[in-house]
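The values are calculated or read from the model by the stated rules, or taken from the named source; none is laboratory data. All values derive from a computational prediction rather than experimental measurement. Heads up, the Cβs are rebuilt from the backbone with ideal geometry, glycines too, and the neighbour counts pull from every protein chain shown. Accessible surface areas use protein heavy atoms only, side chains included; no ligands, DNA or RNA. Shrake-Rupley method; radii C 1.70, N 1.55, O 1.52, S 1.80 Å.
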Amino acid sequence: MPDSDDLKCLIGEEKLETPSTFSFPFTPYRIQHDFMSKLYSAIEGKKLGIFESPTGTGKTLSIICGAVRWLLDHENRELRQLKLALESLAMKNEEIFNDDDDDDWITGQAKLVEQQHKVFEISKMLKSLEEFNNNIEKIKKEQELKKKKVKSLVTKTLNQKTDIEIEKDKDFFDEESEFLLEDYDQLSSVDDFEEISDEKVQYEGVKIYFCSRTHSQLSQFVAELKKSPYSTSRIIPLASRQNYCINKTVKSLKNVTLMNERCLEMGKNKPSQKPTKVSSVGSVIKKKKSETLCKCIYNNKDKIQSLAEEVTTELRDMEELVNRGDQISACPYYASRESIKYAQIITLPYNTLLHKSTREASGIRLDGNVFIIDEAHNLLDTIGHIHSSQINGQQLTHSYSQLIQYKNKFELRFSANNLLHLNQLIYVIGKLINMLGGTPGVSHTETSKIKVESKVYTLENFVHQAEIDHLNMFTLVDFFKRSKIGQKIRGYSEKYMPSVSLQPIKPKLSSLQTFLKEIENKKNNKGKELKKDENKHTEPQVADIISNNPLTPVMAFIESLTNCCEDGRIISTTQSLVGKGVFKFLLLNPAVHFKEIVDKARSVIVSGGTMEPISEFKDQLFNFNGNNSDRIVHFSCGHVVPPDHILPLIVCSGPTGKQLDFSYQERTSIKMLNEIGSLLENICRTVPAGIVCFFPSYDYEELVYQHLEKNKVINRLSERKKVFREPKLTNQVDEVLKNYSLAITKTSTSNSKITGALLFSVIGGKLSEGLNFSDDLGRCIIVIGLPYPNIKSLELQQKMNYLNSHMGQGTGQQHYENLCMKAVNQSIGRSVRHQRDYAAVLLLDHRYQRDNVRNALPKWLQPSLQVHSKFGSSFAQLNKRALQYLKLV
């Protein structure tokens, strides 16, 4: 099916006028109507939009009602244009056929053939479109009939609850053939994705891809869509196997890489290479029948198709799709991908969109589609993180060991091409070990021959220094993907190389014992560490990844070496032991990995509550090469909350008159810690309900809490507010929020002296983005200090240098300040979530009064912003407003 550009070439494109009214669940505010109008015209004009709408202004609903309205209008236009074009061409053909004035018979016939070709192409488009619409209607009718029948047939047999079916096979096969590399032909570029694309292309139409940071935010989008006038839209939530898998055996692996590999293995009907029968006398160890890897019972084509059709007609979020898949024993992961072709709207985490391999594996088509990326304030940083990579000496030495043992085992069974590229890969990893001061083939506990230091390399200098500049890294990455060497080695090492595993099975190496003991100690001492606690939950999983498949992160690093030399840097850190050394690739130019989306998509819209500084999106994302300036549009609106419902105060001094200075040098002083205690006591006596206090880091929050606890301040605060702290582990966040909310609700309905709750949180932490502290949950937001990143960080210095050299002097310093202020603005945005909401925002630090800092605060906040050099005047304002609030209750 030709795309919309082909259609435009054949018949032109009728321009859609922006509607004067939009369907909305209620009468929209003016800013909501303006948002929808601007969004509609941006998509129609194939623009790159930057949309800024404060949280609480109905941004999600505005996106839905503006974008879906355009999509429906576009679908009607497409059908209408095809029919009109076909009628017009039929008349022209008749005129040419009946035209006797043309003396040149050949010219006349050429014109006729050309017109007939156009008729054929447009007829094909129209037929495909009508077939698609008929299929959708057919699916809807079938689902309605099925619903009536299903009511009396919803039963599930017990024998379907087993996740593994045991296959019987009387013959013994050469089991090691499953570990052999897939044949790699460098000249052939046909992979699974391309083979699929060779099939007959059917009409799918323009789709809207809605992307956000987390699955919970995407579920909120689906919930808003259900409330909207467009609740009958066909929407599909995309997610990874980690979120969608319902096979208990695969799900128990937990790590997404291992789950992907196991799922793919269980999806194969037959091994890729025909197994060879061997006698029972041979050296091959026979696999027990109970260990036979079998086809997943949920990977049933008919059931998956049925679930895909069901999702097409019934609006479901990710959790609902998983539950339904479990009920009918159909894989939600494959059903979601199967239903993409029917969908109008597709939701997905923006990591899936931003990573090319993941995007292609998910079947996401860029050409002509609309991409809306919500919560995009950290989009540049996210792209940088996704495409940066890091490996350590331990991973390199284990990869080298596995590859050598694997090669020695199967060397005589490899093709010459596979052996050549395997040797090249071993050579590259060996050279990387040399760069860390190690010797290939020796344990990672070896003492490094290079002094402890950190160096920064350009990509060109790094490959030259490592002596691998004569090899083609693109070819090695291609070999890794298509030979499936990562999967093969993982399977082989699990079966035959347990000595490589880092599992706690009496390891002989003292450093390994230390490593495992550190992990165990961290588990047993939760809450005692400061910042390191944040990674505590994930470190054992990292160890599993190293033991099972250390080659995957190594290849991710090697793939990083294929970037343009100017776009990245390598930071090499050598330590006393080879295993502790680290290579880190830092992506400096995120635009290169976003360019394909910008170039191919019809329209790309980035939106958020606070998108400042807009220049970052314009210059570093959309228009890095200066080719898209005419496509960029910017929309920003005010808040729906009346100015007198928000009280933003910059407080420069504490209750004792000391200047509030929470810079890195001053914030740990006893004076500043005491000021925080006095401030909190005063505020808690005045402000009702919930107070959320944001600190610049986990370390500082811990330090303050210990000081306040030691000086009995926490006890005094607890007499007024129940005190909660942001948890270090993500899986504890919901419980803390639930208890915080419950404490506020209970105290508001009782006669207790306790008048709410106080929550200690961290700027940029788990509670500073994507959560709502509306109404009584956030009557006061306190932000302590400015969370500037470490200026001495090598990564930050390289980024700043790059921006100064490519974007102009001063851009690096601006980036440094933006990192801080974006985090502050996100914390501020947790309060005041709707028109009737009200809250105070206290910014505690004298540096907030500086012009550059004040100007970087949200625009909707600035008209009400007050600066108080003395605490007394600010507290009087807070007390006055608190009394007014109490009258409103």
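Over the stretch 635-700, Cα pairs under 8 Å with separation of 6+ residues give a relative contact order of 22 percent. A crude spin-label estimate for the pair GLN659 and ASP326, with each label 7 Å from Cα along the Cβ direction, gives 5.9 nm.
The gain in end-to-end length when the ASP34 to THR730 segment is fully stretched comes to 246.8 nm, 0.36 nm per residue minus the alpha carbon separation. On the stretch 646-886, 47 percent of the accessible area sits on carbon and sulfur atoms, based on a 1.4 Å probe. Extension gain, ASN739 to GLN116: 0.36 nm times the residue separation minus the Cα-Cα distance gives 217.2 nm.
Each Lys and Arg contributes +1 and each Asp and Glu -1, all at the Cβ; summed about the Cα centre of the stretch 646-886, the dipole is approximately 580 debye. Amide H neighbours of ALA757 under 5 Å, at least 5 residues apart or on other chains, H built in the peptide plane: list them. For ALA757, the qualifying residues are GLY690, ILE691, LYS722.
What you get for the stretch 795-865, charging only the Cβ of Lys and Arg (+1) and of Asp and Glu (-1), is a dipole of about 240 debye around the Cα centre. Would you mind pulling out the separation of the Cα centroids of the stretch 362-386 and the stretch 567-638, in Å? Centre-to-centre distance over Cα atoms comes out at 11 Å. Computing FRET efficiency as 1/(1 + (r/R0)^6) for LEU794 and LYS859, where r is the C-beta to C-beta distance and R0 is 35 Å, gives about 0.55. Cross-link list LYS431/LYS580; LYS248/LYS295; LYS248/LYS766; LYS722/LYS822: which exceed 21 angstrom alpha carbon to alpha carbon? Over 21 Å Cα-Cα: LYS248/LYS766; LYS722/LYS822. Here the spin labels are modelled as points 7 Å beyond Cα on the Cα-Cβ line, and at GLN813 and LYS880 they lie 3.8 nm apart.
Summarising the label geometry, the points placed 7 Å from Cα in the beta-carbon direction at ASP469 and GLN835 lie 6.6 nm from one another. Mean separation of Cα pairs under 8 Å and 6 or more residues apart, divided by the residue count, gives the stretch 646-886 a relative contact order of 34 percent. Computed with every protein chain present, the accessible area of GLU701 is close to 0 Å² [probe 1.4 Å]. When only Cα pairs below 8 angstrom with a gap of at least 6 residues are kept, the stretch 779-880 shows a relative contact order of 35 percent. Relative to the current alpha-carbon distance between VAL452 and LYS495, full extension at 0.36 nm per residue lengthens the span by 11.8 nm. Normalised per residue, the accessible area of the stretch 613-704 is 37 Å², obtained with a 1.4 Å probe and no contribution from ligands, DNA or RNA.
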